[in-house]
Amino acid sequence: MKRTAILICCALAAAACSTPQTAERPGFKAEKPAWFEKTIVPQGAEILAVGHSGPQADEQKAKDEALANATKEFARYCKADVDSLDRIYETYSRENAKTNETLSVENRNQVRVKAFVKRAVPDDWYVRREKKNWLASVLLKVPKEEFDRISTEKNVKLSLDIGFYFEDADKKMQPLGDGSVLRSGDGYAVYAKPSDTCFLYVYQVDALNKSFRLFPNPQFKTAENPVPAASVLWVPNDKEVLFLDETTGKESFYIFASPERIPDFEGEKGVNLTRGDMDLLGKKMGAAGVRRKLDTSTVAPPAKSDVVEVKKKLQAEGAFVYETWFWHK
């Protein structure tokens with residue numbers, strides 16, 4: 001009797017051990033889910049993308065690879081090329097003080113998901129073991145707004161966050177918008193952060209049509225061209241501000257950006273240009289492809305922690321010029 005009881009206990013224990021691990025843990029399933037064979041599933045206000053991993057020795061690595069694969073499938077659905085994916089990934093990684101050399105493969109996959117598909121959330125997992133390896137599949141849920149955003153921005157070759165600021169009575173940096181009023185002696189600065197390594201040229205033109213090249217300008221001891229991707233640039237620099245002279249009237253800023261060097265703005269010949277010169281050069285550059293949109297993300301560079309939101313983002317398929325102005329009274 002005792003022997004029979006022992007055998008029954010052993011049989012029950014064996015049965016418990018043979019119960020598939022997939023049935024006991026979140027993300028594990030005894031059978032393939034219905035979405036497993038699909039690639040993209042449009043679903044109202046959301047788009048579902050399916051990604052699969054290859055065999056991995058570690059469960060998390062399998063999940064990372066599945067997420068990266070789902071992201072690529074979503075990119076293909078948006079008809080965005082791999083170069084766009086890699087460019088956005090590169091910029092995102094630089095923003096986080098990381099480089100391709102220091103990022104592990106799984107971290108790269110995570111960065112790609114965060115960089116290319118914002119607000120993407122895994123909706124379901126199918127994780128299983130095959131011999132000693134892990135395999136993972138994921139159903140990635142992405143808001144349709146991301147499809148609209150990427151479809152619009154997929155041809156963008158250069159994107160630039162740009163802001164213009166002045167010092168208020170408390171020496172705090174405040175946004176300087178079109179038509180703002182500054183007075184002689186007021187301090188001001190220009191902020192820029194490019195998505196890609198590019199050549200920037202910043203000019204100010206006063207009411208007498210006299211121009212001054214604010215960047216590049218060795219006098220300010222700031223950065224030089226080309227400006228690295230995702231780097232923060234302050235003009236004149238991150239510790240000083242410019243201030244207005246006694247010449248009152250309408251003043252303008254011109255921002256030129258290009259993946260390539262612009263010879264007309266280089267050296268001494270690029271210092272004393274008129275407003276007409278800049279308008280002509282802007283047309284010569286084919287700069288009509290500029291896009292401007294609101295960007296509500298808060299930018300607070302370490303050197304100017306009191307800076308309010310940067311709300312302008314300029315985007316173009318190539319070189320572009322942007323102009324803004326204020327009243328100097």
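The values are calculated or read from the model by the stated rules, or taken from the named source; none is laboratory data. From a predicted model like this one, the values you see are computed outputs, not experimental measurements. Cβ sites come from the backbone with ideal geometry, for glycine too, and all protein chains shown count toward neighbours.
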**Message:** As an exercise: evaluate SER137 against (1) polar (S, T, N, Q); (2) at pLDDT below 85; (3) in contact with a Phe, Trp or Tyr (Cβ under 7 Å, 6 or more places away or on another chain) and give the number of the one condition it does not meet.
**Reply:** (2)
**Request:** Report, by residue number, each residue of segment 231-269 that is outside any strand (DSSP E or B) and of a type in the set (Gly, Ala, Ser).
**Result:** SER231, GLY267
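To keep it simple, each residue is scored yes or no on (1) closer than 30 Å to LEU244 by Cα; (2) of a type outside the set (Gly, Ala, Ser); (3) under 27 Å from the mean Cα position of the chain (by Cα).
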{"position": "ALA136", "(1), (2), (3)": "no, no, no"}
{"position": "ASP148", "(1), (2), (3)": "no, yes, yes"}
{"position": "GLY163", "(1), (2), (3)": "yes, no, yes"}
{"position": "PRO175", "(1), (2), (3)": "yes, yes, yes"}
{"position": "GLY179", "(1), (2), (3)": "yes, no, no"}
{"position": "ARG183", "(1), (2), (3)": "yes, yes, no"}
{"position": "GLY187", "(1), (2), (3)": "yes, no, no"}
{"position": "TYR191", "(1), (2), (3)": "yes, yes, yes"}
**Asked** Quick one: what pairs do we get from segment 25-47, first residue within 16 Å of VAL121 (Cβ to Cβ) and in the same structural domain as ALA70 (by TED's automatic domain parsing), second modelled with pLDDT under 95 and acidic (Asp, Glu), C-beta under 6 Å, 6+ apart or different chains?
**Response** none
**Message:** Can you tell me which condition LEU214 does not meet? The list is (1) within 22 Å of ARG275 (Cβ to Cβ); (2) free of Cβ contacts under 8 Å to residues at least 40 places away in the same chain; (3) surrounded by fewer than 15 Cβ atoms within 10 Å (Cβ to Cβ), and all the others hold.
**Reply:** (3)
**Request:** Output the residue which, of all residues in segment 150-174 that are part of a helix (DSSP H, G or I) and touching a residue at least 12 places away in the same chain (Cβ under 8 Å), is farthest from ASP238 (Cα to Cα).
**Result:** SER151
**Filtered residue count, segment 247-270, keeping only those that are modelled with pLDDT of 85 or more and either over 23 Å from the mean Cα position of the chain (by Cα) or surrounded by fewer than 16 Cβ atoms within 10 Å (Cβ to Cβ) (or both)** = 15
**Request:** Go through (1) in a strand (DSSP E or B); (2) free of Cβ contacts under 8 Å to residues at least 60 places away in the same chain; (3) not assigned by TED's automatic domain parsing to the domain that holds GLU266 and name the single condition VAL127 misses.
**Result:** (2)
**Prompt:** Say we look at segment 206-219 and pick out the residues that are modelled with pLDDT under 90 and of a type in the set (A, V, I, L, M, F, W, C); which of these is nearest to ASP264 (Cα to Cα)?
**Reply:** PHE212
**Fill in**
All-but-one check, GLY44 against (1) exposed (fewer than 10 other Cβ atoms within 10 Å of the Cβ); (2) modelled with pLDDT under 50, failing number (2)
**Asked** In the list ALA223, ALA207, which residue meets the criterion of being more than 20 Å from GLN174 (Cα to Cα), touching a strand residue (DSSP E or B) at 6+ places or on another chain (Cβ under 8 Å), assigned to a loop (DSSP other than H, G, I, E, B) and without any contact (Cβ under 8 Å) to a residue 24 or more places away in the chain?
**Response** ALA223
**Prompt:** Among the candidates VAL138, VAL202, which residue alone is within 30 Å of LYS32 (Cβ to Cβ) and either of a type outside the set (Ser, Thr, Tyr) or touching a Lys or Arg at 6+ places or on another chain (Cβ under 9 Å) (or both)?
**Reply:** VAL138
